[in-house]
1. Working only within the stretch 181-221, note down all residues that are closer than 27 Å to Lys124 by Cα, of a type in the set (Val, Ile, Thr) and within 9 Å of the ligand (Cβ to nearest atom).
2. What do you reckon, is Gly120 within 14 Å of the ligand (Cβ to nearest atom) and either part of a loop (DSSP other than H, G, I, E, B) or closer than 30 Å to Ala90 by Cα (or both)?
3. Checking the conditions here, which among Thr55, Thr83 is touching a residue at least 24 places away in the same chain (Cβ under 8 Å) and in contact with a Cys (Cβ under 7 Å, 6 or more places away or on another chain)?
4. Could you tell me whether the stretch 160-170 includes any residue that is touching a Ser or Thr at 6+ places or on another chain (Cβ under 7 Å), among the basic types (Lys, Arg) and within 30 Å of Tyr212 (Cβ to Cβ)?
5. Does the stretch 21-35 contain any residue that is touching a Pro at 6+ places or on another chain (Cβ under 8 Å), at pLDDT 95 or above, surrounded by 14 or more Cβ atoms within 10 Å (Cβ to Cβ) and closer than 19 Å to Asp143 by Cβ?
Amino acid sequence: MVQEDLKQRTRKIIRTLKRAYPGATCSLNHSNAFELLIATILSAQCTDERVNLVTADLFRKYRKPEDYLKVSPTELQEDIRTTGFFRNKAKAIQGTSKMVVDHYGGKVPKSIDQLLELPGVARKTANVVMGNAFGVASGVVVDTHVTRLSRRLGLTVQKQAEKIETDLMQLVPKKDWVIFSHLLIAHGRQICKARNPFCADCAVEKYCPSSYLKTGVVPGS
Ligand code: SF4
C-alpha cells in the first residue's frame, strides 16, 4: 500500500514536471550515437555547458571512432583537458573507440550489455545513449541532480546510483524512464538547487516531504 501511494505520488510529480518543463531534453550536444557516447564520457564530474564548449571543437576534429585512434593519448588529453580527469577520459575514449571499431564495425552497439563492456562506460552513460540516441528505455539515468531530487522528494533513501536507479525503476512507469531524468535535471538546475532550493517557487512543493515550507529546515545537498 505504501509503495502504491508512493507510485501515485511519483506519477503526480512527473505529470507536474512535464507541464513545468515541456522542453526538457538531453542537454549534451550531439548529432549521432557515437558523439553522445563521447559527450557522456566527458560529462563525468563536469557540467554539460563545459562539455558542449569542448565538443564544439572536438567533433569537428574527430568525426568518427577511427579518428580518435590516429592521435597520441597526449594530443587527445589536451583536446579535452578542460573537462577535468582528462587522462582517464582520454583513455576511456580511445579504448571505447577501439572496441567500437574492432567489434562493432565503427557503430555504437544498441544493447545495454554491449555498451557496458566498453571501457569507461558505466550504467549512467549506457542509459543516456540507449535512451537518447536509440530511444530505448533501458533504465533511469542517475546523476547528481537525479540523486539529490529523488532523495528530497522521498522517492529513495539510497545514496548509491545503482540502488537509486533500482528504486526509481519500480516507481516510475517505464514509458517515462528517459524523460524522468531530464525533468529532474531541469528542475534541479532551476529550482531545487543543491544549496538554497527555491521551495516557495517549486511546482512539486505539495508532493515534497523536504520542502522548507513544511519542515522549517532548508534541505542540504
Ligand atoms: S519543495 Fe524544495 S526540496 Fe522539494 S523539490 Fe521543491 S525545491 Fe526541492
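The values are calculated or read from the model by the stated rules, or taken from the named source; none is laboratory data. Please read all numbers here as calculations on a predicted model, not as lab measurements. For neighbour counting, all protein chains shown are included, and Cβ atoms are generated from backbone atoms with ideal geometry for every residue, glycine included.
1. Ile191, Val204, listed by residue number.
2. The answer is no for Gly120.
3. Only one candidate passes the filter, namely Thr83.
4. no
5. no
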